[in-house]
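The values are calculated or read from the model by the stated rules, or taken from the named source; none is laboratory data. Just so it is clear, the model here is predicted, and its values are computed rather than measured. As a convention, Cβ positions derive from the backbone with ideal geometry for all residues, glycine included, and neighbour counts pool all protein chains shown. Ligands, DNA and RNA are stripped out before the accessible areas are found, and what is left, the full protein with its side chains, is counted by its heavy atoms. Shrake-Rupley method; radii C 1.70, N 1.55, O 1.52, S 1.80 Å.
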Amino acid sequence: MAPSPVRFRLGLGAALAASVLAAPASAAPEKAAIFGVELFDPGVVGGRKARPDEVRRLGLVTDELRRALGDSVEPVDVAPQAAEIAKQAPLYKCDGCAAAIAKTLGAELAVSGYVEKGSNQIFNLTVTIAEAGTGKVIRGGRVVIRADTDDTWAHAMRWVVKNRLLAEPLPNRS
């Protein structure tokens with residue numbers, strides 16, 4: 001004999017309530033070392049130091065990156081490793097050293113990025129997220145910036161985070 005509709009609904013409701021109560025609480029966001037965005041100018045052999053306006057914009061997009069990732073990760077202070085960061089810089093060329101530095105800071109993730117100057121008005125913004133323990137890149141994104149203004153640089157960072165880095169939850173992380 002089939003259960004009555006009322007008993008079935010009550011049983012289903014109790015089962016759902018039990019499964020919700022038994023589910024583990026949402027895990028705290030993983031700790032991430034978010035490194036400063038760097039400048040890569042391939043037109044200059046051996047690289048060059050960023051100009052003051054570029055330094056300001058690199059700081060602006062780094063701050064934008066931290067804000068945009070703020071709900072998804074818990075940023076750790078990278079200042080205690082400032083000397084090592086300076087020694088290894090640029091991080092986009094150091095073959096995974098950002099992950100090792102992140103690990104020493106107690107972070108599970110290393111977030112780094114760079115702006116590649118193509119011309120005076122065209123730039124490529126690249127950002128990657130790697131596991132600190134292995135150095136394996138788990139997410140990355142790139143966008144072209146077609147104007148050299150604060151607004152276009154900030155918009156580009158927000159776009160790459162939203163549409164490439166966090167378009168779906170990070171692997172094994174919800």
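In nm, to one decimal, how far is the modelled label at residue 82 from the one at residue 136, with both set 7 Å along Cα→Cβ?
3.5 nm
Please give every one of the lysines within straight-line cross-link reach of residue 117, meaning a C-alpha to C-alpha distance under 17 Å, and leave out same-chain neighbours fewer than 8 residues apart.
49, 93
Considering only protein heavy atoms and a 1.4 Å probe, what is the carbon-and-sulfur percentage of the accessible area of the range 42-88?
55 percent
Within the range 92-115, what residues put their amide N at less than 19 Å from the label point 7 Å along the Cα-to-Cβ vector of residue 51?
115
So if each residue of separation counts as 0.36 nm, and I subtract the Cα-Cα distance between residue 168 and residue 93, what length gain in nm does that give?
Additional length available on full extension: 24.3 nm.
Given 0.36 nm per residue, what is the gain on full extension from residue 146 to residue 67 after removing their alpha carbon distance, in nm?
26.2 nm is the gain from fully extending residue 146 to residue 67.
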